[in-house]
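The values are calculated or read from the model by the stated rules, or taken from the named source; none is laboratory data. All of these numbers come straight from a predicted model, not from anything done at the bench. Here Cβ is always computed from backbone atoms with ideal geometry, including for glycine, and neighbour counts include all displayed protein chains.
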Amino acid sequence: MSKPQIVLIPGAWHFPSCYSLIIPKLEAAGYTVHTTQLPSVTDHDPPKDLSADIAAVQTIVDKAIGSGNDVIVCPHSWGGIVVGSALVGYSKNEREAQGGKGGVVRCGYMCAFMASEGMSLKDANKGQPTTWWTVKDDEFSLLNDNARDTFYNDLPPSQRDYWFEKVSRTHSLHSFGAKATGEAWKQIPTYYLLCEDDMAIPAAAQEAMTSMVKNMGGELWTERLKSSHSPFLSHVDETVAWIRKVAGEDV
């Protein structure tokens with residue numbers, strides 16, 4: 001049986017390059033890996049809602065499915081809210097019921113937001129203020145230097161500096177208040193990598209979201225990792241092994 005295709009979705013402020021350490025290892029294990037930039041990660045013409053990000057996810061997932069491939073989708077952070085809305089109707093079971101072939105068989109959320117329909121990131125974050133980004137021009141969320149330690153607190157200082165130089169300083173502010181339009185996790189089995197030392201989405205918040213999903217009927221399994229908000233940089237081998245488990249391997 002052929003291996004599923006893997007789609008990696010970055011979080012807020014991050015570009016696909018954040019996955020540059022894990023992609024070669026996944027490819028060496030025999031996987032085809034896709035990723036894409038979300039339009040909300042921008043310094044101009046910021047999207048006002050989720051529609052542009054949803055379209056970007058659907059486009060890359062359509063490419064991965066191709067003529068009938070099985071696919072797993074792994075979002076990080078902000079990408080989780082987008083994926084939950086974008087993948088409605090994309091599960092393999094739903095596609096086959098409509099006469100299609102292939103589809104999304106599992107999702108793997110990496111310390112990612114999970115939202116019910118009608119909930120925004122602001123809602124999921126309970127409106128808590130942050131010390132690591134501010135509002136710019138009423139249109140952007142602007143990172144400050146505190147974000148370096150928030151995202152990468154378990155990396156050596158030189159590596160924190162290196163990866164912080166690779167992120168966008170701005171992200172669409174209005175997208176954070178946009179409401180989720182779907183709950184794909186009700187139809188797609190989901191694995192959650194709960195990062196215990198996460199300073200962006202504290203472990204307690206991750207636990208609350210996974211509990212919500214289970215209480216709403218979602219099929220979800222949680223694995224805990226003593227990692228910062230960026231396990232794909234600080235715990236590369238563990239993250240790769242976890243994604244391979246999501247893909248169905250016994251590793």
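Computed quantities for the displayed model
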| read-out | value |
| --- | --- |
| Contacts under 6 angstrom Cβ, first residue in segment 72-89 being among the aromatic types (F, W, Y), partner modelled with pLDDT of 95 or more, 6 or more apart | W78/G11; W78/A12 |
| Residue match in segment 188-199 (condition: surrounded by 16 or more Cβ atoms within 10 Å (Cβ to Cβ), touching a strand residue (DSSP E or B) at 6+ places or on another chain (Cβ under 7 Å), more than 16 Å from S77 (Cα to Cα) and of a type in the set (A, V, I, L, M, F, W, C)) | yes |
| Subset of segment 180-205 (residues that are among the hydroxyl-bearing types (S, T, Y) and under 13 Å from the mean Cα position of the chain (by Cα)) | T190, Y191, Y192 |
| Among the candidates A97, A124, A64, A112, residue that is free of Cβ contacts under 8 Å to residues at least 12 places away in the same chain, among the hydrophobic types (A, V, I, L, M, F, W, C) and within 23 Å of K186 (Cβ to Cβ) | A97 |
| Of all residues in segment 131-178 being without any contact (Cβ under 8 Å) to a residue 12 or more places away in the chain, under 24 Å from H235 (Cβ atoms) and among the hydroxyl-bearing types (S, T, Y), the one that is surrounded by the most Cβ atoms within 10 Å (Cβ to Cβ) | Y162 |
| Breaking point among (1) in contact with a Lys or Arg (Cβ under 8 Å, 6 or more places away or on another chain); (2) assigned to a loop (DSSP other than H, G, I, E, B); (3) farther than 19 Å from R106 by Cα, for C18 | (2) |
| Contacts under 8 angstrom Cβ, first residue in segment 187-209 being more than 24 Å from W133 (Cα to Cα) and at pLDDT 95 or above, partner in a loop (DSSP other than H, G, I, E, B) and aliphatic (A, V, I, L, M), 6 or more apart | Q187/V88; I188/L87; Y192/A112; Y192/M114 |
| Whichever residue in segment 23-37 is part of a loop (DSSP other than H, G, I, E, B) and either out of contact with any strand residue (DSSP E or B) (no Cβ under 8 Å at 6 or more places or on another chain) or among the polar types (S, T, N, Q) (or both) and, among such residues, is farthest from F151 (Cα to Cα) | G30 |
| Tally, over segment 77-89, of residues that are out of contact with any Lys or Arg (no Cβ under 8 Å at 6 or more places or on another chain) and surrounded by fewer than 24 Cβ atoms within 10 Å (Cβ to Cβ) | 2 |
| Filter result (touching a helix residue (DSSP H, G or I) at 6+ places or on another chain (Cβ under 7 Å), of a type outside the set (G, A, S) and farther than 16 Å from W132 by Cβ) within segment 160-177 | K166 |
| Within segment 38-76, considering residues that are among the charged types (D, E, K, R), in contact with a Lys or Arg (Cβ under 9 Å, 6 or more places away or on another chain) and in a loop (DSSP other than H, G, I, E, B), the one nearest to G182 (Cα to Cα) | D49 |
| L225 vs. criteria modelled with pLDDT of 95 or more, more than 26 Å from G103 (Cα to Cα) and surrounded by fewer than 22 Cβ atoms within 10 Å (Cβ to Cβ) | yes |
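To keep it simple, each residue is scored yes or no on (1) surrounded by fewer than 20 Cβ atoms within 10 Å (Cβ to Cβ); (2) modelled with pLDDT of 95 or more; (3) small (G, A, S).
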site: L38; (1), (2), (3): no, yes, no
site: D43; (1), (2), (3): yes, no, no
site: K48; (1), (2), (3): yes, no, no
site: A52; (1), (2), (3): yes, yes, yes
site: A55; (1), (2), (3): yes, yes, yes
site: V61; (1), (2), (3): no, yes, no
site: A64; (1), (2), (3): no, yes, yes
site: N69; (1), (2), (3): yes, yes, no
